[in-house]
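To keep things clear, I will list the structure first and then write my remarks on it.
Read the figures in this text as sums done on the coordinates, not as results from a lab. Just so it is clear, the structure is predicted and the values come from calculations on it, not from any experiment. For neighbour counting, all protein chains shown are included, and Cβ atoms are generated from backbone atoms with ideal geometry for every residue, glycine included.
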């Protein structure tokens, strides 16, 4: 008997708005040359601290260098020492808040941004980043208030419009989201992330042609933007143009061979084309990169079931339940697979 997919799989998780939580230089991975320069900077700041242990600015700068390297514990220690030396040092609170946000401790980040704002009420980026932290904690009203204030302070900052647009999208107001993304693009016509997010908003509104046009513009302005290729690939998938979808996933993987999301989506496309061997291989690669991705196990289990290998399917869904004990799809799939296996 030919097995049907045991559970319907909806691609609800695949269109995601891409926020900006930090200035772009902090968000990007450092090159080897940049890391060497950062190590040299840390040595220089350490020498300055040895010469003057009460130099709050040196602690701030060394903390920022540690944060850029991803050594958040040392960064927090330096920012805290800078604040101990100078309790009114707004930049130290701000930088510590940024680092707490990187560590996903948004409550502490909000506390530090609030201190920075108290000391420097005209700091638009302190409001912007506090808004992001509120949004991450689900308080969209406070996030919106902070973005509005940030825009009043700096109406020409494209990043702030981007982040407010994302919050509008999260509240379901896609038209206002598109207006903000468009304003960000007007300020910075080469702003790839704004094109990407406007395209996602168009996709949610069902206008895939406009969505693909924006994704293409994002790629044109940032040719190595792997996320843009993946999301354009998803749009092509939704339009049932599977060849173009796979081409985009291939390009994303070429740019970033360790992008689990690209393998997951390419695997779904291969499955839709009927090539379950390639699909399972892609899902296996996605799991190897991100072994805690419940979606990847859930989907691979469906593919195993479609080949008739219910033992492997059940093993994948049991792994889903290890990671997410309340996953209804996995529980239902196991029950159905056991029934099929007995037939």
Folded to 0 to 90 degrees: helix 226-238 orientation relative to the chain principal axis, Cα: 30 degrees
FRET efficiency, 1/(1 + (r/R0)^6) with R0 56 Å, evaluated for residue 84 and residue 272 via beta carbons: 0.45
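Rank the residues 317, 295 as a footprinting-exposure proxy: fewest other Cβ atoms within 10 Å of their Cβ go first.
Details: 317 29, 295 20.
So the ranking, lowest neighbour count to highest, is 295, 317.
Using the alpha carbon gyration tensor of region 109-253, what are the three equivalent-ellipsoid semi-axes (square root of 5 times each eigenvalue), largest first, in whole Å?
Working: eigenvalues 197, 41, 37 Å².
Square roots of five times the eigenvalues give 31, 14, 14 Å.
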Scattering profile of region 224-287 from the Debye formula, Cα beads only, expressed as log10 I(q)/I(0) at q = 0.12, 0.14, 0.21 Å⁻¹, is -0.23, -0.31, -0.70
Part-to-part distance (alpha-carbon centres) for region 88-130 and region 193-253, which is given in Å: 34 Å
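Could you calculate, for the chain, the ratio of the Cα radius of gyration to the Kirkwood radius, expressed as Rg to Rh?
Here Rg/Rh amounts to 1.04.
At a temperature of 10 °C and a viscosity of 1.306 mPa s, determine how fast region 209-343 diffuses translationally according to Stokes-Einstein, using the Kirkwood radius over alpha-carbon pairs as Rh; express D in µm²/s, rounded to the nearest whole number.
102 µm²/s
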Quick one: check the C-alpha center-to-center distance for region 297-333 versus region 55-84, whole angstrom. 45 Å
Given labels modelled 7 Å from the Cα in the Cβ direction, how far is it in nm from residue 33 to residue 307? 4.5 nm
Starting from one equal scatterer on each C-alpha and no solvent at all, send me the Debye-based log10 I(q)/I(0) for region 156-223 at q = 0.16, 0.27, 0.28 Å⁻¹, two decimals. -0.43, -1.14, -1.20
Quick calc: nm separation of the 7 Å Cα→Cβ label points for residue 154 and residue 186 -> 2.0 nm
I need the calculated FRET efficiency for the pair residue 288 and residue 243, taking r as the beta carbon distance and R₀ as 30 Å, to the nearest 0.05. 0.70
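Could you work out [θ]222 nm for the chain from helices alone, using -39500 (n - 2.57) per DSSP H run of at least four and dividing by all its residues? Round to the nearest 500 deg cm²/dmol. If you can, show how the numbers build up before the last one.
Values: 19 runs with 256 residues, N = 343.
Estimated from H runs of four or more residues: -24000 deg cm²/dmol.
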Cα-based helix-to-principal-axis angle, 124-136 vs the chain, degrees rounded to 10: 30 degrees
Could you give the angle, 0 to 90 degrees to the nearest 10, between helix 32-51's Cα long axis and the longest principal axis of the Cα atoms of the chain? 30 degrees
What FRET efficiency comes out for the pair residue 141/residue 175, r = Cβ-Cβ distance, R0 = 25 Å, nearest 0.05? 0.85
Hull-based mean projected area of region 292-343, where the convex hull spans the alpha carbons, in square nanometres: 3.0 nm²
